[in-house]
Amino acid sequence: MNEEYIIKQLSIFSENKAGKLAAIAKIFLDTGVSIQAFNIAEANNFGVIRVIVDKPEVAFEAFAKQNYALKYTDVLAIKMQDVPGGLFEAAKLIGELNINIEYAYAFRSGEYGALIVRVANPGEAAKALKKAGIELIPAANYHF
Amino acid sequence: MFWNEKIETLKGQELRDLQLKRLKWTIHQTQNIPFYKRMFKEAGLHPDDIKTLEDIRKIPFTNKSDLRDGYPFGFLAVPMNKVNRIHTTSGTTGKPTVVAYTKGDLETWSELLARNFTMAGLKAGDIFQNAANYALFTGGLGIHMGAEKIGAAVVPSGTGNTKRQIEMIEDFKVTALHCTPSYAMHLTEVAEEMNADLSSLKVGCFGAEAWSENTRKDLENRLSVEAFDSYGMSELFGPGVAFECGEHDGLHIWHDSYLVEIIDPETGEVLEPGNHGELVVTPLVKEAMPLLRYRTRDITMLMEDDCPCGRGPKLARFFGRSDDMLTVRGINVFPSQVEHVLRSIPEVGDQFMVYIDRGESHLDEFTIQVEMNKTFFSGELSDFVKLQQKIVKTLQDTITVRARVELVEPGSLPRFEGKAKRVIDRRVI
Ligand SMILES: [Zn+2]
């Protein structure tokens with residue numbers, strides 16, 4: 001249900017240390033995978049790199065081969081009006097729908113902004129969001 | 001199964017008579033060594049003053065530093081034309097010391113190893129891969145001789161080239177493997193990555209460092225072997241001094257060949273069975289380099305109960321060297337205890353490192369780096385935070401150690417082929 005809106009984010013475990021980000025970026029470069037959205041969550045000496053790419057399977061395989069701990073995480077992308085208050089509008093609606101956001105990060109793509117959200121049940125959430133008139137960006141816009 | 005049932009099960013007066021006879025011979029042999037001649041003179045002792053086994057307590061201890069001072073041949077009790085082989089100790093705790101063997105010593109040593117391997121159920125027909133360093137380390141040639149003695153087909157694979165080691169196990173249908181427990185863990189990891197079929201293995205002999213019961217479980221499950229703990233020390237020939245029987249509850253030390261005392265490492269007082277302390281050994285059968293009351297620095301205990309297998313009293317599994325014991329904020333901890341705790345947490349991977357620093361506050365800081373088990377990563381940051389808290393709490397609850405725990409990427413910590421060096425004391429005192 002609403003599968004076309006479910007985006008396969010890669011969550012990659014990484015230590016926080018000098019040169020680590022470059023090493024990760026190099027893997028994307030070497031595999032010819034292009035990054036659509038990128039975010040780092042960190043705690044203490046480690047972090048999880050969350051990344052949306054055009055070819056998730058290719059990237060997954062390349063990282064797994066190099067012994068990285070990584071998983072696919074299903075996320076949704078909410079289209080935000082690129083005007084002041086766009087984030088507020090989106091957040092307010094989600095709050096009203098009682099959808100609990102585990103984490104979110106925003107980025108700009110083309111002429112509009114997008115808010116990537118991780119929720120407990122992305123399929124259900126996508127349905128509710130659509131019903132409430134929130135515009136979701138289809139996964140096909142990111143994965144080619 | 002026994003290699004030499006009569007001598008392995010010798011007990012009571014008969015054993016004591018043999019021990020005393022051999023002790024007297026050993027003391028006599030030591031009088032060819034200037035160090036012992038001087039020791040007896042200074043202590044006002046005559047070799048004939050040792051009339052009972054208990055009289056041994058009149059003799060002062062011999063320390064590793066004494067051997068080091070005798071470098072290279074100060075502890076030889078025989079002329080060089082009687083020496084058949086020379087090894088040096090691994091030097092993990094200082095500069096190397098020399099150990100020498102007569103032809104008779106080499107024969108006795110392989111005899112003791114043959115007892116061990118037979119106790120582990122090995123015999124002619126077994127294919128025995130010895131993944132130990134064949135150079136100066138006694139675990140290479142020593143184990144090799146013992147395995148040949150029982151008639152096994154020995155593969156002297158040495159250390160390194162793990163993939164080749166695994167291919168040999170697979171292709172030769174190797175049944176027994178000897179290496180350090182750290183290397184066994186590494187080999188297991190690589191074999192799993194290679195999807196190798198190691199089902200021909202049935203016995204693993206792991207020694208040269210202390211390892212925990214959780215490591216045993218891990219190795220037994222993943223390598224499908226029955227794991228035997230092996231204890232040795234170059235000064236006491238090498239590997240084979242003590243070894244587990246099928247009960248896996250303590251190690252049999254060969255009482256006809258080694259006289260055992262357990263002492264309080266601080267006071268030197270001899271402790272009764274059932275108490276942990278430092279192992280002090282007087283080898284009773286060494287010709288080239290006899291020793292008296294040698295302080296091993298290893299912490300163990302003489303167990304009180306008889307073993308169902310019929311052999312003599314056992315030594316409890318070793319915590320580690322007293323030199324390895326860490327005192328952090330006044331608490332004594334052995335690296336093997338930390339390992340035991342970490343291995344009890346399934347989300348923790350196979351490898352870890354421990355660092356001790358003296359922090360800015362002049363307090364000791366314990367930092368433990370662990371690799372997490374990839375299969376437990378769900379993709380969420382909270383996994384790590386929870387795991388980190390779990391490790392901290394478990395260490396605190398079980399061994400009262402307050403540690404900072406750092407999670408590191410799988411495969412990023414050092415792997416060890418010989419003795420693992422997992423604890424780095426960075427304190428400048
Ligand atoms: Zn036994």
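We did not get these values from a lab; they are worked out from the coordinates using the rules stated. Model, not experiment: these values are computed from the prediction. Cβ atoms come from the backbone with ideal geometry, glycine included; neighbour counts cover every protein chain shown.
Structure summary
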{"read-out": "Test: residue in region B:396-409 that is away from chain A (no Cβ under 14 Å) and buried (at least 16 other Cβ atoms within 10 Å of the Cβ)", "value": "yes"}
{"read-out": "In region B:305-339, the residues that are away from the ligand (no atom under 16 Å from the Cβ) and either within 14 Å of chain A (Cβ to nearest Cβ) or of a type in the set (D, E, K, R) (or both)", "value": "B:ARG321, B:ASP323, B:ASP324, B:ARG329, B:GLU339"}
{"read-out": "Looking only at region B:243-282, and only at residues there that are in contact with a helix residue (DSSP H, G or I) (Cβ under 8 Å, 6 or more places away or on another chain) and of a type in the set (S, T, N, Q), the one that is farthest from the ligand (Cβ to nearest atom)", "value": "B:THR282"}
{"read-out": "Residues (assigned to a strand (DSSP E or B), under 18 Å from the mean Cα position of the chain (by Cα) and within 13 Å of chain B (Cβ to nearest Cβ)) located in region A:18-46", "value": "A:ASN39, A:ILE40, A:ALA41, A:GLU42"}
{"read-out": "Tally, over region B:189-200, of residues that are touching a residue at least 24 places away in the same chain (Cβ under 8 Å), of a type outside the set (Asp, Glu) and surrounded by fewer than 20 Cβ atoms within 10 Å (Cβ to Cβ)", "value": "5"}
{"read-out": "Count of region B:210-226 residues which are in contact with an Asp or Glu (Cβ under 9 Å, 6 or more places away or on another chain) and in contact (Cβ under 8 Å) with a residue 40 or more places away in the chain", "value": "7"}
{"read-out": "Qualifying residue in region B:175-184 (condition: surrounded by fewer than 16 Cβ atoms within 10 Å (Cβ to Cβ) and farther than 23 Å from A:ASN67 by Cβ)", "value": "no"}
{"read-out": "Residues satisfying the stated conditions in region B:37-64, i.e. in contact (Cβ under 8 Å) with a residue 24 or more places away in the chain and exposed (fewer than 12 other Cβ atoms within 10 Å of the Cβ)", "value": "B:THR52"}
{"read-out": "Residue, nearest to B:ASP425 (Cα to Cα), within region B:341-385, restricted to residues that are among the β-branched types (Val, Ile, Thr), away from chain A (no Cβ under 14 Å) and assigned to a strand (DSSP E or B)", "value": "B:ILE356"}
{"read-out": "Residue list for region B:119-133, filter: buried (at least 20 other Cβ atoms within 10 Å of the Cβ) and within 16 Å of the ligand (Cβ to nearest atom)", "value": "B:MET119, B:ALA120, B:LEU122"}
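For (1) surrounded by fewer than 22 Cβ atoms within 10 Å (Cβ to Cβ); (2) more than 30 Å from B:PHE376 (Cα to Cα); (3) facing chain B (nearest Cβ under 10 Å), each residue gets a yes or a no:
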residue: A:VAL48; (1), (2), (3): no, no, yes
residue: A:VAL53; (1), (2), (3): no, no, no
residue: A:VAL58; (1), (2), (3): yes, no, no
residue: A:LEU76; (1), (2), (3): no, no, no
residue: A:LYS79; (1), (2), (3): yes, yes, no
residue: A:GLY85; (1), (2), (3): yes, yes, no
residue: A:ALA91; (1), (2), (3): yes, yes, no
